[in-house]
1. Pop out the ³J(HN,Hα) list for the stretch 147-153 in order, Karplus 6.51 cos²θ - 1.76 cosθ + 1.60 with θ = phi - 60°, rounded to Hz; leave Gly and Pro as x.
2. Calculate, in nm to one decimal, what Ile64 and Ser89 gain on full extension: separation in residues at 0.36 nm each, minus their alpha carbon distance.
3. Please list, in order, the residues from the stretch 41-58 whose amide nitrogen is less than 11 Å from a point placed 7 Å along the Cα→Cβ vector of Asp106.
4. Hey, how many Å between the Cα centroid of the stretch 65-117 and the Cα centroid of the stretch 148-178?
5. Provide the FRET efficiency to the nearest 0.05 for the Val128-Glu201 pair, computing r from the beta carbons and using R0 = 25 Å.
6. Within the stretch 44-80, name every residue whose backbone N is under 17 Å away from a label modeled 7 Å from Cα of Ser20 along the Cβ vector.
Amino acid sequence: ICSKSETVNALDDFSSTIRSDNPPVFTVKPDNQDVIPGTTVSFKAAFTGTAPLAVKWFREEKEIVTGSTCFIKKDASSSSLELHSVKPSDSAKYTCQVSNDAGKVDSTVVLFVKGAVLCHVCKPPVFVRKLEATKLVTSSDTIRLECRVTGSPEISFKWFKDEMEISPMASLEMVNCSVEDSGDFICVASSKAGNSSSLIEVQQTLFSWFPEFSDKHRILNRKAQ
């Protein structure tokens with residue numbers, strides 16, 4: 001015959017066996033928003049599920065924490081993310097993630113701040129072919145340096161000579177090269193997805209710099225022959 005305490009313990013064990021946790025389910029999902037710069041944006045979510053429920057917010061794949069420009073509110077069955085004075089650079093995908101021991105659910109929305117360019121499949125610029133390390137030229141030569149890159153969205157270019165910007169074009173042409181055209185040239189390709197650069201050193205040959213030495217060199221060559 002079982003005692004009363006043994007019966008109670010048996011019932012507790014039975015209850016623990018048949019009880020199962022309920023995974024989280026969204027009852028309210030946050031909405032996409034299209035706003036002007038300077039707006040305060042609030043994404044709100046509500047959910048059910050067996051406690052304790054853990055809530056996280058993400059921008060793209062990076063977790064967000066409360067800071068000077070954002071604030072996260074949480075309680076047992078809801079959460080909100082506030083973004084203050086948003087800028088075009090805040091345009092992105094935002095995700096609310098709720099989890100417990102029984103499972104995990106995500107809800108993702110898009111924030112678009114006017115003036116921004118959203119790119120869901122962006123590829124940073126990549127040089128199809130890097131510039132050659134060194135380019136030798138002689139006086140009065142004409143040379144053309146060209147940036148050949150792939151990527152998206154629209155790519156812009158800048159050329160620098162010895163750290164000074166000289167052109168916004170993809171290619172650079174120099175006519176009647178002189179000593180002043182020697183130096184380090186860098187092409188920088190940029191887009192919303194990133195940037196890449198390639199460097200080439202342009203050098204004038206010794207003979208074009210010193211014509212007298214060039215003539216003497218030719219004379220010495222003739223004597224050697």
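FYI, it's all coordinate maths here, none of it is from the lab. Just so it is clear, the model here is predicted, and its values are computed rather than measured. We place every Cβ from the backbone using ideal geometry, glycine too, and count neighbours over all the protein chains shown.
1. Those phi angles translate into 8, 10, 9, 10, x, 7, x Hz.
2. 7.5 nm
3. 58
4. Cα centroid of the stretch 65-117 versus Cα centroid of the stretch 148-178: 39 Å apart.
5. 0.75
6. From the stretch 44-80, the list is 49-51.
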